[in-house]
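No lab work stands behind these numbers, since they all come straight from the coordinates. For clarity, every value in this text was computed on a predicted model and none was experimentally measured. No Cβ is skipped: glycine too gets one built from the backbone with ideal geometry, and neighbour counts run over all protein chains shown.
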Amino acid sequence: MKILALVVAIVCFALCIGYASGVVQFAAHTPGPHYKHAVVFAVLGVLGLVWMRFQSGASAPTAR
Amino acid sequence: MLLAVLQGVSELFPISSLGHTVLLPALLGWRIDRSDPTFLAFVVALHLGTALALLLFYRSDWSRIVAGLWRSVARGRIEDDPDERLGWLLVAGTIPLALVGVFLEEPVKRFFGSATLVAGFLILNAFVMFLGERLKRAERNADVTLGALSYRSGVGVGLSQALALLPGISRSGSSIVAGLLAGLDHEDAARFSFLLATPAIGAASVLELPRLFAPAAHGVLIESIVGGALAAVTAYASVAFLTRYFRSNDLRPFGWYCLAFGALCLVLSVTKVIA
C-alpha cells in the first residue's frame, strides 16, 4: 500500500505539472495551461504523500 | 444586490442556488450574460462571501478539525478521535467532488443552461428529497452518529454533491439526503453537508479569484465587495436558521417549494412566457 500511495502521489504531481504547463490536455475544454486542474492534482499529490505516511510505521510508538 | 441575497440563501437552503440564478432572472426579465467577465467576478465574490460565512459559523469546529488533521499527520496514523475522524471524512468526501467538478463543470454548464431543463431538474430535486425522507422513515436501524460514519459513506455523501453540477439539483439537498441514507439523523446530515460545503465553495471561489482582479472586473469591484458581504450575512443567517431547523424538522417543505416553483417555471418555459 505504501508503494501504491507513492505511485498515486507521483502521478498526481506529474499531472499537476502537466496541466500547469499545458502539456496535459485531458478533459480540458480550452487549449493552454489549466491551473485549476493543476491545483487539484497538487492537493491530491500531497494527500497521496499523507496516505503514504499513514502506511508507514515510522511514527508508530516504539516499545521501550 | 438581490442576486447576492439570493446566493446567500439558496446556496445553503436545499433549493439549488444555480437553478435559482437561472430561473429568477428569466422570470424577472433580467438580461444576464453569464460569460461576461464582470458577472463572473461578481459571482466569485458572492461565493467567497458564502464560504467565509460558513467558515465563521463553524470556526470552532474547523479549528478542532484542522488541529485533528495535523495531529494525525504528525503521528502517522488516525486515532479514534472524533475531530480527526471528521476531518478525514471531510477530506474523503471532498476528493470526488473536486475531481468531478474540475472535469465536468464546463461541459455540464454548456449543456444544461436552458430554463426548461433547469425547471425539470428542480422538480427532480424535489423528488430526490421526498424519496430520501421516505426511505429514512422506512429505515428500522438506529441513527449513526457523524463520528461513526464510515469513510465509504463519507465518500458517497461527497460524491452526491456532484449532482449539484446540474442546475436545479441542490448541493445541500443531495448531500443531506445521502447523509440520511447513510444513517445520519437530520441534524448531523445537515452539519456534515455544511462542513463539506466550506471547502467545496471556498476552493471553487479561491480558484476563480483571478477573475475578481481581472482588468475587466475593475468596474464592478465595489459592487462585488458589497455583494460578497451581503451574501456572507445572508449565508450566515441561513446556516444559523437551518442548523436549528434540522434539529426537529425534515426536507419535505423544501421539496414542496422546489416542486411548486419548478412546475411553475416549467409551464412558463414550455409556453414560451420565459426564455
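For the range B:2-270, what is the Kirkwood estimate of the hydrodynamic radius, computed as the reciprocal of the mean inverse distance between distinct Cα atoms, to one decimal in Å? Mind showing how you got there, number by number?
Details: mean 1/r = 0.0529 Å⁻¹.
Mean inverse Cα-Cα distance, inverted, gives 18.9 Å.
Name the aspartates and glutamates eligible as straight-distance cross-link partners of residue A:36: C-alpha to C-alpha under 19 Å, and not fewer than 8 places from it in the same chain.
B:105, B:106, B:208
Okay, helix-only estimate at 222 nm for the protein assembly as shown: each DSSP H run of n ≥ 4 adds -39500 (n - 2.57), divide by all residues, round to 500 deg cm²/dmol; what do you get? List each step's numbers first, then the result.
On the way: 14 runs with 245 residues, N = 339.
That comes out to -24500 deg cm²/dmol.
Distance between the C-alpha centers of the range B:1-17 and the range B:200-241? Whole Å please.
For the range B:1-17 versus the range B:200-241, the Cα centre distance is 12 Å.
Angle between the Cα long axis of helix B:221-245 and the longest principal axis of chain B, 0 to 90 degrees, nearest 10?
Roughly 50 degrees, rounded to the nearest 10.
Just tell me how shielded B:198-211 is by partners: mean number of partner chain Cβ atoms within 10 Å of each residue's Cβ, no decimals. Walk me through the numbers on the way to the answer.
Details: counts 0, 1, 0, 0, 0, 4, 1, 0, 1, 5, 1, 0, 1, 0.
That works out to 1 on average.
Give me the inter-chain shielding for A:36-42: mean count of other chain Cβ atoms within 10 Å, whole number please.
Working: counts 8, 4, 1, 5, 8, 3, 0.
Counting other chains' Cβ atoms within 10 Å and averaging over A:36-42 gives 4.
What is the ratio of the Cα radius of gyration of the range B:153-275 to 2.2 N^0.38 Å, with N the residue count, to two decimals?
Numbers: Rg = 17.3 Å, N = 123, 2.2 N^0.38 = 13.7 Å.
Computed over Cα atoms of the range B:153-275, the ratio equals 1.26.
Peptides A:18-27, B:175-184, B:98-107: what's the order by average Cβ count within 10 Å, highest mean first? Don't skip to the end; give the middle numbers.
Values: A:18-27: 15.1, B:175-184: 24.9, B:98-107: 17.0.
Final packing ranking: B:175-184, B:98-107, A:18-27.
What is the angle, in °, between the Cα long axis of helix B:37-57 and the longest principal axis of the Cα atoms in chain B? Nearest 10 is fine, range 0 to 90.
Relative to chain B, helix B:37-57 is tipped by roughly 30 degrees.
Computed over the Cα atoms of the range B:1-140, what is the convex hull's projected area averaged over all directions, in nm²? Write down the numbers at each step before the final one.
Working: hull surface 47.0 nm².
Averaged projected area of the range B:1-140's Cα convex hull equals 11.7 nm².
For B:50, B:243, B:21, what ranking results if the residue with the fewest other Cβ atoms within 10 Å of its Cβ goes first? Don't skip to the answer; put the middle values down first.
Details: B:50 31, B:243 16, B:21 21.
Sorted ascending by nearby Cβ count, the order is B:243, B:21, B:50.
In whole Å, how far is the Cα centre of the range B:35-104 from that of the range B:106-164?
Their Cα centres are 19 Å away from one another.
Calculate the FRET efficiency for residue A:55 and residue B:81 from the Cβ-Cβ distance with a Förster distance of 22 Å, rounded to the nearest 0.05. Walk me through the intermediate numbers first.
Values: r = 19 Å, r/R0 = 0.89.
Working from the Cβ atoms, E equals 0.70.
On C-alpha positions alone, give me the angle between the axis of helix B:151-160 and the longest principal axis of chain B, in degrees, nearest 10.
On a 0 to 90 degree scale, this one is about 10.
Across every pair of different alpha-carbon atoms, what Kirkwood hydrodynamic radius in Å does the range B:186-238 reach?
Working: mean 1/r = 0.0778 Å⁻¹.
Hydrodynamic radius (Kirkwood, Cα only) of the range B:186-238 equals 12.9 Å.
Per-residue mean of other chain beta-carbon atoms within 10 angstrom of the beta-carbon, peptide B:260-266? Write out the running numbers ahead of the final one.
Working: counts 0, 0, 0, 0, 0, 0, 0.
Partner-chain Cβ atoms within 10 Å, mean over residues of B:260-266: 0.
Please work out the Cα convex hull volume for chain A and give it in Å³ per residue.
Working: hull volume 4.4 nm³, N = 64.
Considering the Cα atoms of chain A, their hull volume per residue is 69 Å³.
What does the highest-first list of B:151-159, B:205-213 look like by mean Cβ count within 10 Å? If you can, show how the numbers build up before the last one.
Values: B:151-159: 20.4, B:205-213: 16.7.
Final packing ranking: B:151-159, B:205-213.
Quick one: divide the alpha-carbon radius of gyration of the protein assembly as shown by 2.2 N^0.38 Å and tell me what you get. Intermediate values should be presented prior to the final figure.
Working: Rg = 20.7 Å, N = 339, 2.2 N^0.38 = 20.1 Å.
Scaled against compact globular proteins, the figure is 1.03.
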